[in-house]
Amino acid sequence: MTSTVNPLHSTEQFMKFIEGTFVVTNDELKVNNITRHHVTRAYHEQITTGSYYDQLKRIVEPSVEEFESPGSLDTSGEYDNTVMPGLQHKYAQTALLLVTDRCASYCRYCFRKRIVGKDSDEAAPDFAQVARYIGGHIEITNVLLSGGDPFVLSTIKLNRILDYLLPIRHLESIRFGTKMIAFAPNRFEDSALPALFQRIHEAGKTAVIVTHFDHVGEISIDAERKVRSLRAQGVQFLNQSVLLAKVNDDPEILAATFAKCHQIGVRPYYLFQARPVKGASHFQVSLRRGLEITRGINQRLSGIQKTFKYIMSHYTGKIEILDLGDDDRVYMRYHQNKALGKVGKIFSRPHVEAACWLDDLPEG
Ligand code: SF4
């Protein structure tokens, strides 16, 4: 990466970063796994006209810090839990389907950098084969459509996916993981969508949308309207946020985000510890700071608003981060684990200053 003013070679391009405009080569972008830069007009307007631009720009605008952030491209063992292209089965009850590699805008902290915005062969399920697998696993009660963002697909395509899933009797819910309500709320004006949710209900299943609001400044009036309208159609809402340095690492902001979610009928569900992702680990905050923030959020919310868990989505399972004890140990509990016997078990590790991930804490 250079700030040269010489004529550009064919593989070079100017790229705008938070820190300024630099010349980068295609190879540099590829080697460093720099996610493509694309932001919807609605989201751009939302963040530039509100009072949080300095924080929210970090969600979607590239930073030179991405070149220096070490980490892995598969922090949660997605590859090892892939049972066929596009289908992951890590936890007994849940099948995770990668239905697209595209999103409406691209988050700089995304843990699926290896897939999103690219032509990935990880997001190409053969739905007939997927349905056969799920049909043969009666322990699977819910399917999560993810990617990428399932709502970049047309409603016709989503209906085609449902053609395969809805006949499976043991499926109780169809879940959509999406940031589209923040990025492009007008996607939910599609007049064909109510019938899609109606189909899910008529098949005796629950339609769940997991929104992805990281910051109260992302919840536009339009987003709020769409959530209320979809709730009136019987869709249940949960929200997941990622704890992000310089974006929302502030108990005041996160408490306001969760209170707003609660107010519009979206249940705060997960606050994720940011993962050590290559190109995105600069978003991580230490476990000590994360626990301070979590405590601060809980002090600001009423009992019915504090429905979230502070979670590390680790290779070994989903770990709830509980506290840093007086004995200087970090206390945690498996919220999800492949081994059912471990679910709910509290365990601890010696604390290490600046640790951000389970692997930073020694065993013993
Ligand atoms: S919307 Fe989700 S999948 Fe897409 S870039 Fe953002 S975090 Fe990643």
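Residues that are surrounded by fewer than 18 Cβ atoms within 10 Å (Cβ to Cβ) and more than 27 Å from Thr141 (Cα to Cα): does region 90-104 have at least one?
no
Has region 131-143 got at least one residue that is in a loop (DSSP other than H, G, I, E, B), more than 16 Å from the ligand (Cβ to nearest atom) and under 25 Å from Ile181 (Cα atoms)?
no
Out of the residues in region 14-42 that are out of contact with any strand residue (DSSP E or B) (no Cβ under 8 Å at 6 or more places or on another chain) and either over 27 Å from Ala182 (Cα atoms) or among the acidic types (Asp, Glu) (or both), which is surrounded by the most Cβ atoms within 10 Å (Cβ to Cβ)?
It comes out as Glu28.
Based on this model, can you work out whether Arg102 counts as assigned to a loop (DSSP other than H, G, I, E, B) and under 21 Å from Tyr43 (Cβ atoms)?
The answer is yes for Arg102.
With the condition kept exactly as written, say whether any residue in region 110-127 is more than 21 Å from Gln273 (Cα to Cα), more than 16 Å from the ligand (Cβ to nearest atom) and modelled with pLDDT of 90 or more.
The answer is yes; a qualifying residue exists.
Name the single residue that is surrounded by the most Cβ atoms within 10 Å (Cβ to Cβ) among those in region 55-83 being β-branched (Val, Ile, Thr) and farther than 19 Å from Met15 by Cα.
Thr75
Could you check, for region 148-160, whether at least one of its residues is in a loop (DSSP other than H, G, I, E, B) and within 10 Å of the ligand (Cβ to nearest atom)?
First, pick out the residues of region 148-160 that are in a loop (DSSP other than H, G, I, E, B): 148-149, 153-154.
This time we only want the ones that are within 10 Å of the ligand (Cβ to nearest atom), so: 148-149.
For region 148-160, residues in a loop (DSSP other than H, G, I, E, B) and within 10 Å of the ligand (Cβ to nearest atom): present.
Give just the number: which of (1) of a type in the set (Val, Ile, Thr); (2) in contact with a Leu (Cβ under 9 Å, 6 or more places away or on another chain); (3) within 26 Å of Thr40 (Cα to Cα); (4) free of Cβ contacts under 8 Å to residues at least 40 places away in the same chain does Ile221 not satisfy?
Among (1) of a type in the set (Val, Ile, Thr); (2) in contact with a Leu (Cβ under 9 Å, 6 or more places away or on another chain); (3) within 26 Å of Thr40 (Cα to Cα); (4) free of Cβ contacts under 8 Å to residues at least 40 places away in the same chain, Ile221 violates only (2).
Might you check whether a residue that is within 16 Å of the ligand (Cβ to nearest atom) and touching a residue at least 12 places away in the same chain (Cβ under 8 Å) occurs anywhere in region 300-315?
Scanning region 300-315, I find at least one residue that is within 16 Å of the ligand (Cβ to nearest atom) and touching a residue at least 12 places away in the same chain (Cβ under 8 Å), so the answer is yes.
Would you call Ile140 of a type in the set (Val, Ile, Thr) and touching a residue at least 40 places away in the same chain (Cβ under 8 Å)?
Numbers: of a type in the set (Val, Ile, Thr): yes; touching a residue at least 40 places away in the same chain (Cβ under 8 Å): yes.
Yes: the conditions hold for Ile140.
Across region 116-128, which residue is farthest from Lys226 (Cα to Cα) among those that are surrounded by 15 or more Cβ atoms within 10 Å (Cβ to Cβ) and out of contact with any Gly (no Cβ under 7 Å at 6 or more places or on another chain)?
Across region 116-128, the extreme among qualifying residues is Ser120.
Output the number of residues of region 227-284 satisfying the condition of being in a helix (DSSP H, G or I) and in contact (Cβ under 8 Å) with a residue 40 or more places away in the chain. Step through it out loud before you land on a result.
At the first step, the residues of region 227-284 found to be in a helix (DSSP H, G or I) are 227-232, 251-263, 281-283.
Narrowing the set further to residues that are in contact (Cβ under 8 Å) with a residue 40 or more places away in the chain leaves 227, 229-230, 251-262, 281-283.
Residues meeting the conditions: 18.
Looking at Arg275, Arg295 in this structure, which one is within 21 Å of Gly71 (Cα to Cα), at pLDDT 95 or above and not small (Gly, Ala, Ser)? Please lay out each step first, then the result.
Working: Arg295 fails: within 21 Å of Gly71 (Cα to Cα).
Arg275 is the lone residue from the list that is within 21 Å of Gly71 (Cα to Cα), at pLDDT 95 or above and not small (Gly, Ala, Ser).
Looking at Leu322, is it hydrophobic (A, V, I, L, M, F, W, C) and within 28 Å of Leu73 (Cβ to Cβ)?
In short, no.
I'd like to verify a number: residues in region 117-130 that are farther than 29 Å from Ala182 by Cβ and either part of a loop (DSSP other than H, G, I, E, B) or without any contact (Cβ under 8 Å) to a residue 12 or more places away in the chain (or both), how many?
Matching residues across region 117-130 total 1.
The values are calculated or read from the model by the stated rules, or taken from the named source; none is laboratory data. Quick caveat: nothing in here was measured; it's all calculated off a predicted structure. Glycine also receives a Cβ, built like all others from the backbone with ideal geometry; neighbour counts cover every protein chain displayed.
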